Amino acid sequence: MKQHLIFDLDGTLIDSAPSILHCFGLAFSTTNTPLAAPLTHDVIGPPLMETLKRLSENEDAALLNMLASAFKQHYDTTGCLESVVFDGVTALLQQLKDQGYQLYIATNKRFYPTERIMAHLGWQAFFTGVYALDYFNPPLKSKAEMIGRVVADNALAVEDCLYIGDRLEDGISADANQMDFALVSWGYAGDVAMRKPHWQSCAKVQDLAGLISTL
């Protein structure tokens, strides 16, 4: 039985795409920077600076820092609070908590807006720990490293853990830690047919608790 459930955030528990894409658009328009790539759902998930490099097709540090500051100005004030919870997720978290599972978040989203979202949704009591790359100093380099920190910091047995996310990167990060993974397809995963054979998959929030109980 899996006792420790580690969740991705964007695209897994919340639909943050509309607010994130809107704030990216504002960041580029207010800095008079041309967008070099379309603002589509597939840009949601990677760390902020990685996404800005992709959207600008530019690696100039000064430009990227200016775009990051503009994005944070919009997203960290009101944008992050416009995230929408996927139907059934709050009830799912309550059910899993009541059943004795220990819940964690491991997200590429920066810690400050993540913390604001948790407070806004009243979710703090659900989670034993909330992890973000920039929570650490220096920041962690990858989601795989972050999942490893969840395991190490909480003295978890990896065989008792399940990582749950909506992107192929999430599964690859779980694999790097020899951790079981469940790919959910209600988020931004795109072609779930690309999933690896040993991964679990779930198409509906309402079915996730049942899947977890079988592992």
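What follows draws every value from the coordinates through simple rules; no lab data is involved. These figures come from a predicted structure and were not determined experimentally. With ideal geometry, Cβ positions are generated from the backbone for all residues, glycine too; neighbour counts draw on all protein chains shown.
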Q) What percent do you get for the relative contact order of the chain when only Cα pairs under 8 Å and 6+ apart count? A) 26
Q) Around residue 92, with a cut-off of 13 angstrom between Cβ atoms, what is the net charge of the other residues, counting Lys and Arg +1 and Asp and Glu -1? A) -1
(Q) Test of understanding: ordering 120, 41 by Cβ neighbours within 10 Å, fewest first, what list do you get? (A) 120, 41
Q.
Given points 7 Å out from each Cα along the Cα-Cβ axis, report the residue 203 to residue 69 separation in nanometres with one decimal.
A. 4.8
Q | Residues of the range 2-41 with amide N under 20 Å of the 7 Å Cα→Cβ point at residue 116 | A | 9-31
Q. Can you give me the relative contact order of the range 67-171 as a percent, contacts being Cα pairs under 8 Å and 6 or more apart?
A. 22
Q: Taking the Cα centre of the chain as origin, sum charge times position over the Cβ atoms of Lys and Arg (+1) and Asp and Glu (-1), and report the length of that vector in debye to the nearest 20.
A: 140
Q.
Pairs of alpha-carbon atoms within less than 8 angstrom and 6+ residues apart define the contacts here; what relative contact order does the range 17-81 have, in percent?
A. 46
Q: Could you please tell me the mean projected area of the C-alpha convex hull for the range 143-207, averaged over all directions and given in square nanometres to one decimal?
A: 4.4
Q: Write down the radius of gyration of the chain and its Dmax, each obtained from C-alpha positions, in Å.
A: 17.0, 53
Q | With eigenvalues of the C-alpha gyration tensor scaled by 5 and rooted, the range 17-81, Å | A | 16, 13, 10
Q: Arrange the following residues from fewest to most other Cβ atoms within 10 Å of their Cβ: 54, 110, 167.
A: 54, 110, 167
**Q.** Net charge over other residues, Cβ less than 11 angstrom from the Cβ of residue 35 (K, R count +1; D, E count -1)
**A.** 0
Q. When you count, for each residue, the other Cβ atoms within 10 Å and take the mean per peptide, how do 200-212, 20-32 rank with the highest first?
A. 20-32, 200-212
Q | Stretchable slack from residue 78 to residue 176, in nm (0.36 nm times residue separation minus alpha-carbon distance) | A | 31.8 nm
Q: Run down the lysines and flag those whose C-alpha is under 25 Å from the C-alpha of residue 141, throwing out any fewer than 8 positions away in its chain.
A: 53, 72, 109, 196
Q: Find how much the distance from residue 91 to residue 41 grows on full extension, using 0.36 nm per residue of separation minus their present alpha carbon separation; answer in nm with one decimal.
A: 15.4 nm
